[in-house]
Amino acid sequence: MPSGAETAAVRPETRVNHPPRVELPPGNRPLTPPIYQSVKFEFESVDETLRALNGQRPGFFYSRTGNPTVRQLELLLAELQGRDDAIACASGVNAIAQALFSLTSAGDHVLCFAETYNPSRQIIRRFLARFGVRHTMLSIDDLAGIERTLAGVPTRLVFLETPTNPVTKVADLATITRLAHAHGALTVLDNTFAGFHQHGDYDVDVFLHSLTKYAAGTGDVMGGVAIARRELVQAMRPDWGLFGAQLDPHAAFLLMRGMKTYFLRYRAQCAAALSLAGFLAAHPAVERVRYPGLPGHPQAALARAQMREFGSIVTFDLKGGPESGRRFAEALQLFAITASLGSTESLVLPPQMIRPKDFTPEQAEWSDIRPGTVRLSIGLEDPDDLRADLARALDLT
Ligand SMILES: *Cc1c(COP(=O)(O)O)cnc(C)c1O
């Protein structure tokens, strides 16, 4: 039933539930898009509703399966990543879990890597395994092993990350996507560290991002997205509707607001990260710095070929080991000791909060996480203040 001002003579108790409608006249629009904070949408008749539900006319019906504010964010992110469609959801981990579930079936095989965000490994090991999806876990550096595995085992998809979390190894995207496609496997890339504007030129089938990081920018809202060509997104969307972890329209609005300053923030954070990585590399308390933009990174040339900016994560090893890492983290005044990245404030993860507990000795070797490994996420503070804070804390290690 149409509601609003045209509804005749009702009591106040009814009116508060059918308030006057304010619609913008044609030719008049807001510069900031409205938040469609509505679960339900209606049409004028049963027939029009049925036509919409059957896909015979455009329109929104129920926000779990589609909402205009969320849709606007999806279309923006798809375009930035150079693909034609996207589905947003409640968190980055949610996007990873839903993508892996909707792309695999019992009996499938997945190729994945030790150098991957810890919850992604758990989704593959614990959940997918329970539903009969097998996996092989290699090192992202092991191109020969990747080729051998793909040639030996029919593989549904290759799940990877670059730069990897937390040690920022760089995956060889041209080689890995070529090998995967030669053997009929999809490539699914968690592109959170690199951002929405990088890696779109590579033959990646599905990009996943945590929107909690660089999209939000301010560390106050969570979200996730899968970005892919239209057929793949259409194939995943019905499953995602059933998982029911839709992004809330208000979160979508905040994420879109964050995206307005995405390029400015990302580039400023990368420039500060590069300069601080150089400072750390020259410091006597530091054993090794891994920042893909530094010439000393083991894959500096590959990083330069694949990326224009190298991210805001600077991972390095302290000579003094774990206790020195603890003292360092606690001595920092401008870096909060906590998870996440890509927000305006700088963060630090000491060795005690990085070391995975689920690795075999061989996987631990591949991971390149050492006893003194510390991860910094560089925010938008003044880089000289950050450098002074790092210098002071290093003196106390
Ligand atoms: C943070 C992160 C995620 C998970 O995102 P949430 O929004 O926290 O669920 C996934 N992948 C990478 C690489 C991340 O850094």
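Add -39500 (n - 2.57) for each DSSP H run of 4 or more in the chain, then divide by its residues: what number comes out at 222 nm, to the nearest 500 deg cm²/dmol?
For the chain, the value works out to -11000 deg cm²/dmol.
With a probe of 1.4 Å, find how much accessible area the chain has per residue, and write the answer as a whole number in Å². List each step's numbers first, then the result.
Numbers: 18130 Å² over 397 residues.
Accessible surface, normalised per residue, equals 46 Å².
Which angle from 0 to 90°, rounded to the nearest 10, does the C-alpha axis of helix 249-259 make with the longest principal axis of the chain?
So the inclination is approximately 50 degrees.
To the nearest Å, what is the center-to-center distance of the range 5-61 and the range 139-197, using C-alpha atoms only?
First find each Cα centre; the distance between them is then 46 Å.
Can you tell me the length gained on complete extension of the stretch Glu365 to Thr261, counting 0.36 nm per residue apart and subtracting the Cα distance? Display every interim value, and only then the final one.
Values: separation 104, 0.36 × 104 = 37.44 nm, distance 3.85 nm.
That works out to 33.6 nm of additional length.
Could you give the nm distance between label points at Ala144 and Ala245, where each point is 7 Å from its Cα heading toward the beta carbon?
It works out to 3.8 nm between the two label points.
Give me the distance in nm between label points sitting 7 Å out from Cα along the Cα-to-Cβ direction at Gln122 and Leu24, one decimal.
In this crude label model, Gln122 to Leu24 measures out at 4.3 nm.
Step through the residues of the range 145-162 one at a time and calculate ³J(HN,Hα) from phi using the Karplus curve (6.51 cos²θ - 1.76 cosθ + 1.60, θ = phi - 60°), rounding each to whole Hz and writing x for Gly and Pro.
Computed from phi, the couplings for the range 145-162 are x, 4, 5, 4, 5, 5, 6, x, 10, x, 10, 6, 7, 10, 10, 9, 9, 7 Hz.
Using the beta-carbon distance between Asp382 and Ala151 and R0 = 45 Å, what value does 1/(1 + (r/R0)^6) give for FRET efficiency, to the nearest 0.05? Before the final figure, lay out each step's value.
Numbers: r = 52 Å, r/R0 = 1.15.
With R0 = 45 Å, the Cβ-Cβ based efficiency is 0.30.
Return the equivalent ellipsoid semi-axes of the range 262-395 as a descending list in whole Å, where each equals the square root of 5 times an eigenvalue of the C-alpha gyration tensor. Can you show the working numbers first?
Details: eigenvalues 90, 72, 40 Å².
In descending order, the three semi-axes are 21, 19, 14 Å.
Could you tell me how many degrees, from 0 to 90 and to the nearest 10, lie between the Cα long axis of helix 92-103 and the main elongation axis, the longest principal axis, of the Cα atoms of the chain?
80 degrees
Run the numbers for Leu50 and Arg237: contour at 0.36 nm per residue of separation, minus the present Cα-Cα distance, in nm.
My answer for the length gained is 65.4 nm.
If one computes the Cα centroid of the range 344-365 and of the range 305-334, what distance in Å separates the two points?
Using only Cα atoms, the two centres lie 11 Å from each other.
The values are calculated or read from the model by the stated rules, or taken from the named source; none is laboratory data. Since the model is a prediction, treat every value here as computed from it, not as a measurement. Neighbour counts run over all protein chains shown; Cβ positions are idealised from the backbone, glycine included. For the accessible areas, the whole protein counts, side chains as well, though only heavy atoms, and no ligand, DNA or RNA atoms are used. Shrake-Rupley method; radii C 1.70, N 1.55, O 1.52, S 1.80 Å.
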